[in-house]
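What follows is a set of notes on a single structure, which appears directly below.
Nothing in this text is a laboratory measurement; each read-out follows from the coordinates by a stated rule. A quick note: this is a predicted structure, and the numbers were derived from the prediction, not measured. Don't worry about glycine lacking a Cβ; one is built from the backbone with ideal geometry, like all the others, and counts go over all protein chains shown.
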Amino acid sequence: MAEAETRAGFVALIGEPNAGKSTLLNRMVGAKVSIVTHKVQTTRARVRGVAMADASQLIFVDTPGLFQPKRRLDRAMVAAAWTGAADADVVVLLIEATQGLTAGVEAILAALDEKRAAGQPVLLAINKIDRVQAENLLALSQKMNDRYDFDGTFMISAEKGHGVEDLRKDLAARVPAGPWLYPEDQIADLPLRTIAAEITREKLTLRLHQELPYQLTVETENWEDRPDGSARIDQIIYVVRDGHKGIVLGKKGETTKAVGQAARAEMEEFLGHRVHLFLQVKVRPNWQEDSERFDAMGLDFKDGNA
Ligand SMILES: Nc1nc2c(ncn2[C@@H]2O[C@H](COP(=O)(O)OP(=O)(O)OP(=O)(O)O)[C@@H](O)[C@H]2O)c(=O)[nH]1
Ligand SMILES: [Mg+2]
């Protein structure tokens, strides 16, 4: 019997901040490769996760949320998202069922035709359906399809998993025929150092209030695999002000300690071995104007030019 024809392709997940793109990527991959928080603008650069669907390999590209950028970092994030979309075989636009056709979604639709590649299919995924009544969903689906010519519409809950398999099946048939692009056991295309830095940034974002999470970045400075199978990971948390350093550290360093414990536990689960994590907080007032920091994040500094 002939083997099933293999297929492989890139699927970009785009949408407003907080739509649930990273949650969907993680669900498709079956592991947490992209960080998730209840706050907007969590994802800062493209994150690739690899998922299988029968004989198709789907490389999901999680992107930063699309919004009106003001700062250099914001502009670079939004540019990274559009590049991710333009390079993909299929685009999936996620919107929140609870929010509907917002001004932000309207702006994305207005830009989509200009940014998408010719003939590139665009699917609509209405997410967070676990939070709305079914009758409202049908009306929203109608409204969205009146507004834009989508190649398909899916009602999903990325968090609970509803509808996700239907979307996966559809995507499996849409990506082009061809050999798989990644080894079968690979789930992410992101350096481990970056994943480790992202885990710490997630724990900081969950723990810190207000604007602070948007003004810090985390980098893995050193990674040493030890003979006993454990790893020593040294990371730097860059903040913009002395006052922020105090908040990130907390009283007697208790905030950094709690963040470090949570991050270490998750790194150990991801890596499957013990981790010794050392966090240091540094004040760097202009890190958001620092091209090295953008490189470390996987962003293009020039994309941030006004
Ligand atoms: N109720 C519900 N919540 C969801 C669902 N999907 C995602 N969320 C929540 O929505 C919030 C944002 O999810 P993310 O996956 O970080 O969203 P994102 O689109 O990646 O956000 P950015 O990276 O900021 O652009 C988190 O609190 C998720 O737990 C869903 O299907 N139902
Ligand atoms: Mg995200």
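Structure notes:
- Extending 7 Å from Cα along the Cβ direction at TYR182 and again at ASP151 yields two label points whose distance is 2.1 nm.
- Taking GluC sites (Glu not before Pro) in DSSP loop states with no more than 10 other Cβ atoms inside 10 Å as exposed sites, the chain has its longest site-free stretch at 6-183.
- Cross-link partners of LYS251 among aspartates and glutamates (Cα-Cα below 16 Å; sequence separation of 8 or more within a chain): ASP242
- The sum of -39500 (n - 2.57) across all DSSP H runs of n ≥ 4, divided by the residue count of the chain, sets its helix-only mean residue ellipticity at 222 nm to -11500 deg cm²/dmol.
- Take the Kirkwood radius over Cα pairs of the chain, plug it into Stokes-Einstein at 10 °C and 1.306 mPa s, and you get 78 µm²/s for translational diffusion.
- Extending 7 Å from Cα along the Cβ direction at ALA55 and again at GLN261 yields two label points whose distance is 5.2 nm.
- Cross-link pairs LYS32/LYS143; LYS39/LYS160; LYS32/LYS128; LYS128/LYS257 - those with Cα-Cα distance over 28 Å: LYS32/LYS143; LYS128/LYS257
- Rg/Rh for segment 7-174 stands at 0.93; both radii use Cα atoms, and Rh follows the Kirkwood definition.
- Antiparallel DSSP beta bridges within the chain, percent to nearest 5: 35
- Amide N proximity, segment 74-88 versus ALA118 label position 7 Å along Cα-to-Cβ, cut-off under 20 Å: 83, 85-88
- Spin-label zone in segment 203-235 - amide nitrogen under 19 Å from a point set 7 Å from the Cα of ASP290 along the C-beta vector: 204-205, 212-223, 234-235
- Debye intensity ratio I(q)/I(0), log10, segment 191-304, q values 0.11, 0.20, 0.23 Å⁻¹ (C-alpha model): -0.35, -1.08, -1.33
- Cα extents for segment 40-124 along the principal axes, largest to smallest and rounded to whole angstrom: 42, 29, 25.
- Length gained on full extension, GLU224 to GLU5, computed as 0.36 nm times the residue gap minus the Cα-Cα distance: 74.7 nm.
- Computed from Cα positions, the angle between helix 164-174 and the longest principal axis of the chain comes to roughly 70 degrees.
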